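Notes to accompany the following structure.
The values are calculated or read from the model by the stated rules, or taken from the named source; none is laboratory data. Owing to the predicted nature of the structure, the values given are computational and were not obtained by experimental measurement. Ideal geometry is used to build each Cβ from the backbone, glycine not excepted, and the neighbour counts take in all protein chains shown.
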Amino acid sequence: MTFANSVELLKFHWVAYTIYAFIIISIIAWFAYNLTRKEKAKAIVRIPFYGYIAFLVIGGVGHHIFTYNTIPWVSEDIMRHEIKPDQVVNITVANHKWQLPAKQVVVKCGQKVLFNVDSKDLTYGFGLFRQDGSLVTQMQVDPGSTNDLLWTFNRNGVFDLTSTEYSGPEQYDENDDDIMKVKKFVKVVGCNDNKVAMNTVGR
């Protein structure tokens with residue numbers, strides 16, 4: 001089974017939630033309009049409150065159940081305790097500097113990678129970005145806590161690393177450049193013709 005990547009899924013959810021939001025807004029607007037009327041609304045156009053709430057709940061939950069297999073990193077998170085990663089990348093961060101295992105981490109297409117990040121002082125973020133600046137995935141990195149992220153890559157490419165949490169002005173230099181940004185930290189190889197791998201997540 002082939003899955004869409006996160007950018008395509010974002011477009012789909014943008015449309016779905018936009019329609020969902022317009023339905024909510026229109027119902028509320030109709031309800032507010034009827035409050036201003038002197039005569040009571042006819043039963044044919046009256047919308048029972050509890051029926052409206054039931055529709056929202058069924059629609060929202062149903063949408064997520066329907067897309068459960070289309071967004072497999074959801075099931076991946078739920079089944080984390082049963083998944084053994086193919087590769088573990090241990091990272092330490094302190095004083096606004098990454099301590100990395102290598103200048104660049106090479107990942108084979110379709111492998112599950114566990115990023116294990118340990119903060120020695122402040123709260124940081126761990127974020128991987130595409131070359132066009134769009135976010136692939138991220139997590140908050142708290143000191144004294146277990147901070148790990150399981151991710152599957154299935155398209156060739158290189159991804160930049162930077163902190164997605166503001167950790168003080170020391171994160172930027174005098175030119176407002178992000179000193180915590182590591183260009184092309186993750187490199188994914190092995191995908192055929194840059195197509196989505198089978199049984200993995202197109203992210």
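Observations
- Verdict on residue 164 being among the β-branched types (Val, Ile, Thr) and in a loop (DSSP other than H, G, I, E, B): yes
- Some residue of segment 170-185 being in contact with a strand residue (DSSP E or B) (Cβ under 7 Å, 6 or more places away or on another chain), within 19 Å of residue 116 (Cα to Cα) and acidic (Asp, Glu): no
- Test set (1) over 19 Å from residue 103 (Cα atoms); (2) surrounded by 15 or more Cβ atoms within 10 Å (Cβ to Cβ) - residue 157 fails condition number: (1)
- Taken together, the criteria exclude residue 93 from residues that are at pLDDT 95 or above, under 13 Å from residue 187 (Cβ atoms) and not in a loop (DSSP other than H, G, I, E, B).
- Qualifying residue in segment 6-25 (condition: surrounded by 11 or more Cβ atoms within 10 Å (Cβ to Cβ), at pLDDT below 65 and over 30 Å from residue 137 (Cβ atoms)): no
- Residue 178 vs. criteria among the acidic types (Asp, Glu) and in contact with a Ser or Thr (Cβ under 6 Å, 6 or more places away or on another chain): yes
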